[in-house]
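Take a look at the structure below.
Every read-out reported here was derived from the displayed coordinates using simple, explicitly stated rules and does not represent laboratory data. For clarity, every value in this text was computed on a predicted model and none was experimentally measured. Cβ sites come from the backbone with ideal geometry, for glycine too, and all protein chains shown count toward neighbours.
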Amino acid sequence: MARIDIAKLRKMAGLTQRELADKIDIHQSFLSSIENGRSRIPENKLDKIKEVIGIDNFEDFIIEDVEQENNIPVRHSHVHENQPNDSITKLLEHFHAIAHQNDKSNHQNEAKLTQRIDSLVDRNEHLSKRVDELRDLVDKLRDENYRLKELLLSHSISFQD
């Protein structure tokens, strides 16, 4: 399965993850997961990335993910009068038939899985935004806590940490 090398594009443009994420309106943590291959790029962000980076297509930035496949050659054997009708041949033909049945059901489930993945990508982006919002809130609360402690100390009021 191929994917786009977003990290290479970003570095070529001289942008940090935060800068690119801001320009394409996603969170930096989500961009990081995209660059590391843990998340897919939402389709609606591809044109924005091209615009920000200043390219027309992604041809030079495609990464082929190496997936090791167990390729077992399919044996197409038909029993003829002069060919032995052994149990192994029947078993292979049976497995072949089952494999084709599984291929049909896999194709039917592919659309459902793609839709589910897209839904999970959207949910991941939403959760990444929420995490960033909460981190910002924690930072603000720490600053306020520090400010209040300084105020108490400046008035010689004791407090417990």
Subject >> Label-point gap, in nm, between S156 and R116 - each point 7 angstrom along Cα→Cβ >> reply: 6.9 nm
**OP:** Report, ordered by chain and residue number, the lysines lying within cross-link reach of K90, taken as a straight Cα distance under 29 Å and ignoring same-chain residues fewer than 8 apart.
**Re:** K104
**OP:** Go through K45/K140; K23/K149; K11/K112; K23/K112; K23/K140; K11/K48 and tell me which ones have a Cα-Cα distance over 28 Å in this structure.
**Re:** K45/K140; K23/K149; K11/K112; K23/K112
Original post:
Going highest first, how would you order 137-144, 152-159, 35-42 by mean Cβ packing within 10 Å?
Top reply: 35-42, 137-144, 152-159
